[in-house]
Amino acid sequence: MIELSQFSRLDSAFSQFFSASTLISELEKASLKNLLAQLSYTYYHGNTCLKLTAQQQKILLNSKLVTTSENHSTVLPLHIDQHNYLYLRRYWDYEQCLIAKLRAMQQNNSSFSNLNKLLDAFFEKTFDSETNYQREAAKCAVSQNFTIITGGPGTGKTTTVVKIIALLQQINADKPLHIALAAPTGKAAMRLQESITNSKAKLNCEQSIKDVLPETVTTIHRLLGAKPPSPYFRYNEKNLLPYDLIVIDEASMIDLAMMSKLVAAIKPSARLILLGDKEQLASVESGTVLADLTEALPNNTIELQKTYRFKNEIKAFAQAINQKNAFQAWELTQNKNAVIEHLGDDFLDYLANQHTTYFELIKTRADFKEIYATFNKFQILCAHREGKNSVSDLNYRLEKILRDRKQINLSTTWYVGRPVMITQNNAALQLYNGDIGLCLSDENGEKKVFFPRPDGNSQGYSPARLPHCETVFAMTIHKSQGSEFEEVCVCLPEYQQTILTKELLYTAITRAKERIKLVTTEAIFTATVQASITRVTGLVEQFVVPYN
């Protein structure tokens with residue numbers, strides 16, 4: 001039961017609004033108000049529905065605010081499904097749309113008599129089961145219209161999907177496929193674009209196939225044609241996307257509403273491939289869609305397990321965290337100068353020292369690519385935006401140290417060397433939430449903020465033109481999804497809070513390729529590893545028992 005003190009003003013307003021028009025008794029109305037406040041609260045915390053007791057269900061049915069399986073064609077604000085879950089009607093509709101579309105895609109399977117021969121050209125015959133998982137993922141994607149390829153960072157998801165795209169293009173050589181590549185954020189889209197460009201050159205296929213492979217990656221919002229500030233898109237169930245194949249990276253970041261709108265806009269003959277790590281943080285908004293789909297649709301899911309990106313110590317650390325083995329994970333942090341290291345009280349000097357080369361390159365006016373690459377070798381990741389050891393706190397304290405070392409000039413907001421992250425989309429400037437830029441002097445001595453571009457060049461903007469942005473020596477772990485760095489320093493707060501879970505910590509430490517530093521206590525670390533995200537959704541049960 002949720003305490004009354006935990007309800008927000010929005011929860012109370014939601015409850016009051018919907019209960020005001022009911023004709024039930026005052027005693028039942030008091031219970032109804034509490035139940036509706038719980039529903040609002042549960043959505044705010046990422047759930048998509050609320051499990052009901054028999055008494056709660058009776059009160060709701062008396063209120064005339066809900067539909068059920070008997071009258072679901074009627075439009076009312078709430079819905080109770082056959083599993084006794086209470087939904088806001090639009091979220092139940094999102095689930096039903098997603099389920100119906102994916103079930104329809106499951107029916108459109110293909111078969112090729114020479115598929116194994118085609119696979120041999122892209123995947124070596126080997127006794128290595130990990131490589132065979134990649135081959136099986138390709139076989140699944142070619143044979144089925146819906147495929148999930150999941151696995152941790154560096155397990156070859158992008159490499160595999162590039163081979164799949166080439167394989168499908170080869171099969172359809174007489175009519176090249178119209179392909180879309182997308183990711184939830186601009187940062188994730190740029191990372192996917194870089195990976196695909198690098199993987200494309202290594203393909204074992206004719207140049208004519210490579211020439212028609214796509215390289216441009218967009219955000220899902222741009223793919224669907226967002227119409228801000230409305231929640232609607234240009235492409236939808238009445239105006240379908242023209243693509244034959246759609247590949248979506250970082251699918252764990254996609255919430256229920258967005259996933260439903262995406263699949264609704266896909267034409268019946270098209271293929272959809274989702275890439276993602278089901279162990280990562282769930283979406284900011286409601287649902288755990290990728291994790292739910294991997295559980296509900298095992299025949300459409302392939303998990304890659306061999307890590308090619310980071311060192312064995314990081315892999316062991318990630319596995320211990322996933323298994324909630326806090327003792328083993330903490331032991332791995334206790335060796336000085338190791339791949340994984342716990343930092344002491346003087347950690348701020350260590351953080352500042354990691355930017356020495358970055359500021360030296362700025363002073364010598366090195367090429368932007370080199371400066372940007374150097375900055376991105378190291379990143380501070382925080383659980384919170386405010387409070388001790390938060391993004392705000394560490395950016396502030398680090399700037400003071402850099403000022404005292406005369407590496408930056410804090411007399412102005414836009415000092416040379418200031419790294420910033422865009423937090424508000426601006427399509428006109430082609431700047432999107434998550435993009436990182438550096439404030440540098442141009443050839444005329446004017447301060448501009450430079451951002452890397454997908455074509456390998458950079459674009460400079462006057463600071464006054466930029467959409468809202470913030471200093472990013474430190475960023476939240478949520479914002480780091482889709483990124484990778486040689487080294488990360490993960491800073492946790494002084495007190496245990498609900499946001500601290502093994503999924504949050506796993507996401508943070510798997511951003512690192514080479515080294516991990518930790519700023520925390522053993523007590524907070526242990527509590528974090530032993531906590532996990534638990535969201536209430538009905539997606540898995542709806543797939544097992546379809547709604548009639």
Estimated FRET transfer efficiency when R0 is 22 angstrom, pair N114-K202 (beta carbons, to 0.05):
0.40
Label-point gap, in nm, between K336 and H83 - each point 7 angstrom along Cα→Cβ:
5.3 nm
Hey, if you drop one equal point scatterer on each alpha-carbon of the stretch 336-396 and run the Debye formula without solvent, what base-10 log of I(q)/I(0) do you get at q = 0.14, 0.24 Å⁻¹?
-0.52, -1.07
W414/D345 FRET efficiency (R0 35 Å; Cβ-Cβ; nearest 0.05):
0.65
Cα-based convex hull, the stretch 319-462, per residue volume (Å³, whole number)
167 Å³
Students sometimes get this wrong: rank E399, E370 by accessible area, probe 1.4 Å, all chains present, largest first.
E370, E399
With unit charges on the beta carbons (Lys and Arg positive, Asp and Glu negative) and the dipole taken about the Cα centre of the chain, which residue among Q328, T307, M190 sits farthest to the positive side?
M190
In the stretch 1-90, chymotrypsin sites (Phe, Trp or Tyr not before Pro) in a DSSP loop with at most 15 other beta-carbon atoms within 10 Å:
none
So if I place +1 on the C-beta of Lys and Arg and -1 on the C-beta of Asp and Glu, and nothing else carries charge, what would the dipole magnitude of the chain be about its Cα centre? I want it in debye, nearest 20.
800 debye
If the chain between E494 and S269 were fully extended at 0.36 nm per residue, the gain over the current Cα-Cα distance would be 75.8 nm
Which far-off residues, 5 or more places away or on another chain, put their amide H under 5 Å from the one on A226, with H placed in the peptide plane?
R234
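Starting from the residue with the highest accessible area, list K117, K447 in decreasing order, probe 1.4 Å.
The ordering from most to least exposed comes out as K117, K447.
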Interchain or sequence-distant (5+) residues whose placed amide H lies within less than 5 Å of the amide H of Q144 are S110
Expressed in angstrom and rounded, the centroid-to-centroid distance over alpha carbons for the stretch 7-58 and the stretch 246-286 is 30 Å
Using 32 Å as the Cα-Cα cut-off, could you pick out the over-long pairs in K163/K513; K261/K479; K64/K502?
K64/K502
Eligible lysines near K363 by straight Cα distance, threshold 22 Å, same-chain separation 8 or greater:
K377, K400, K406, K447, K448
For C489, distant residues with modelled amide H under 5 Å away:
Q379, I380, L381, K517
Karplus ³J(HN,Hα) for the stretch 248-259 (6.51 cos²θ - 1.76 cosθ + 1.60, θ = phi - 60°; Hz, whole; x = Gly/Pro) runs 10, 9, 6, 5, 5, 7, 8, 7, 4, 4, 5, 5
Using a probe of 1.4 angstrom, how much of the accessible area of the chain is carbon and sulfur, in percent?
49 percent
Using a 1.4 angstrom probe, figure out how much accessible area the stretch 289-352 has per residue, in square angstrom, rounded to the nearest whole.
52 Å²
Excluding ligands, DNA and RNA, what is the solvent-accessible area per residue of the stretch 1-146 at a probe of 1.4 Å, expressed in Å²?
54 Å²
For the stretch 242-341, max minus min Cα coordinate along each principal axis, in Å, sorted largest first?
55, 28, 24
Tell me, what HN-Hα J-couplings in whole Hz come from the Karplus equation 6.51 cos²θ - 1.76 cosθ + 1.60 at θ = phi - 60° for each residue of the stretch 519-535, using x for Gly and Pro?
10, 5, 10, 4, 5, 5, 4, 4, 4, 5, 5, 7, 9, 9, 6, 10, 10
So what's the net charge close to F359: Lys and Arg +1, Asp and Glu -1, counting the other residues with Cβ under 10 Å from its Cβ?
+2
Extension reserve of the R9-A428 stretch, reckoned as 0.36 nm per residue once the Cα distance is removed:
147.2 nm
Order by protection proxy (mean Cβ within 10 Å, highest first), peptides 526-534, 173-181, 106-114
526-534, 173-181, 106-114
If we count every other residue with Cβ under 14 angstrom of F233's Cβ, Lys/Arg +1 and Asp/Glu -1, where does the sum land?
+4
If N is the residue count of the chain, its Cα Rg over 2.2 N^0.38 Å rounds to 1.03
At 222 nm, what value in deg cm²/dmol follows for the chain if DSSP H runs of at least 4 each add -39500 (n - 2.57) and the sum is divided by all its residues, to the nearest 500?
-12000 deg cm²/dmol
Suppose each label sits 7 Å from its Cα in the direction of the beta carbon; what would the K447-K64 distance come out to in nanometres?
6.3 nm
Taking each pair of distinct Cα atoms in the stretch 44-160 once, what is the resulting Kirkwood hydrodynamic radius in Å?
18.1 Å
Quick one: net charge around T294, please, counting Lys, Arg +1 and Asp, Glu -1 for every other residue with C-beta under 14 Å from its C-beta.
-3
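Using only the Cα atoms of the stretch 128-274, build the gyration tensor, take square roots of its eigenvalues as a ≥ b ≥ c, and label the shape rounded, prolate or oblate: rounded if a/c is under 1.5, else prolate if a/b is larger than b/c, else oblate.
Because a/c hits 1.5 or more and a/b exceeds b/c, the stretch 128-274 counts as prolate.
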Over the stretch 353-429, with the other protein chains present, what is the accessible area per residue in square angstrom, probe 1.4 angstrom?
51 Å²
Per-residue ³J(HN,Hα) for the stretch 387-401, Karplus 6.51 cos²θ - 1.76 cosθ + 1.60, θ = phi - 60°, Hz, x for Gly and Pro
x, 5, 6, 9, 4, 4, 5, 6, 4, 5, 5, 5, 4, 5, 5
Can you compute the label reach from D211? Point 7 Å from Cα along the Cβ direction, backbone N cut-off under 20 Å, restricted to the stretch 99-121.
none
For the stretch 379-538, I need the span (max minus min coordinate) of the C-alpha atoms along each principal axis, in Å, sorted largest to smallest.
54, 44, 28
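The values are calculated or read from the model by the stated rules, or taken from the named source; none is laboratory data. If you're wondering where the values come from, they're calculated on a predicted model, not measured in any experiment. Glycine gets a Cβ as well: all are built from the backbone with ideal geometry, and neighbour counts include every protein chain shown. Heavy atoms of the whole protein, side chains included, go into the accessibility calculation; ligands, DNA and RNA do not. Shrake-Rupley method; radii C 1.70, N 1.55, O 1.52, S 1.80 Å.
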